[in-house]
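**Q** Right, I'll just put the structure down here and ask away after.
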Amino acid sequence: MDKKYKFKLNKKINFTLVTIVLICIIGIICDAVFMSFAIKDELSVTAYIISLALLIALLAFIPIFIFGSSYTLGKDKFTLSMCFIKKTIAYSDLLNIRHDANINQTIMYYYTYNKSGEQLVSMLYLNIDNKNLDSFVQDLKDKNNMIIYDIFNKEEDNEKN
């Protein structure tokens, strides 16, 4: 059975989404004003209608992004889903998960392969809520017990140095 973990929206993602919403709203208002002038002057409004449809489609894409983004732990593979984009990683390719307690950021290191089959190491930032992080890591370790999990920059580590 697949287990899903929701994508945590951090400050950067929230800022980007709010900026996109504001730009779309401003674009829709400007488009409506210019379209009214074009109608008044009996000009073609096709470009305005197309631009309005694209702006509304972009606004509709935001909830799809918010609710369609997750991490899925399947039977054989780990899958990152961001709307329509999916990235799958075999559990055997997962190497290390590092969590920085000071900046509250988690990074996963894994093997990837180029076209000639060479093994390379890549990294992936994980946006998972802290309350779910331990169970997420434990579920991954249940699939591959060779995964190393580090937490660094903890307060007790800093007091020792």
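Just so you know, all these numbers are worked out from the coordinates, no wet-lab data involved. Just so it is clear, the model here is predicted, and its values are computed rather than measured. In this analysis, Cβ positions are derived from the backbone assuming ideal geometry, glycine residues included, and neighbour counts consider all displayed protein chains.
**Q** Roughly what % of DSSP beta bridges within the chain run antiparallel, to the nearest 5?
**A** 85
**Q** Length gain on complete extension for the stretch residue 138 to residue 6, per 0.36 nm per residue less the alpha carbon to alpha carbon distance?
**A** Full extension from residue 138 to residue 6 adds 45.9 nm.
**Q** Residue by residue through the stretch 3-20, which ³J(HN,Hα) values in whole Hz follow from phi under the Karplus form 6.51 cos²θ - 1.76 cosθ + 1.60 (θ = phi - 60°), with glycine and proline marked x?
**A** Taking θ as phi minus 60°, the curve returns 10, 10, 10, 6, 6, 7, 8, 8, 4, 5, 5, 4, 4, 5, 5, 5, 4, 5 Hz for the stretch 3-20.
**Q** May I pose another question? Please identify every one of the GluC sites (Glu not before Pro) in the stretch 52-161 that sits in a loop by DSSP and has no more than 15 other beta carbons within 10 Å of its own beta carbon.
**A** Answer in residue order: 118.
**Q** So what's the net charge close to residue 2: Lys and Arg +1, Asp and Glu -1, counting the other residues with Cβ under 15 Å from its Cβ?
**A** Charge balance in the 15 Å sphere: +4.
**Q** Quick check for me: using +1 on Lys/Arg Cβ and -1 on Asp/Glu Cβ, what's the dipole size of the chain about its Cα centre, in debye to the nearest 20?
**A** That gives the chain a dipole magnitude of about 320 debye.
**Q** Return the calculated 222 nm mean residue ellipticity for the chain, to the nearest 500 deg cm²/dmol, obtained by summing -39500 (n - 2.57) across DSSP H runs with n ≥ 4 and dividing by the residue count.
**A** -15500 deg cm²/dmol
**Q** With a ≥ b ≥ c taken as the square roots of the eigenvalues of the C-alpha gyration tensor of the chain, please select rounded if a/c is under 1.5 and otherwise prolate if a/b is larger than b/c or oblate if it is not?
**A** Prolate, since a/c reaches 1.5 and a/b exceeds b/c.
**Q** Which of the trypsin sites (Lys or Arg not before Pro) across the stretch 41-86 are loop residues per DSSP, with 15 or fewer other Cβ within 10 Å?
**A** 75
**Q** To continue, here is another question. Which of the lysines could a cross-linker span from residue 143 if the Cα-Cα distance has to be under 25 Å and same-chain partners fewer than 8 positions apart are dropped?
**A** Candidates past the 8-residue exclusion: 3, 4, 6, 8, 75, 77, 86, 87, 131.
**Q** Search the structure for amide H atoms under 5 Å from the amide H of residue 128, placed 1.01 Å from N in the peptide plane, and list their residues when 5 or more places away or on another chain.
**A** 8
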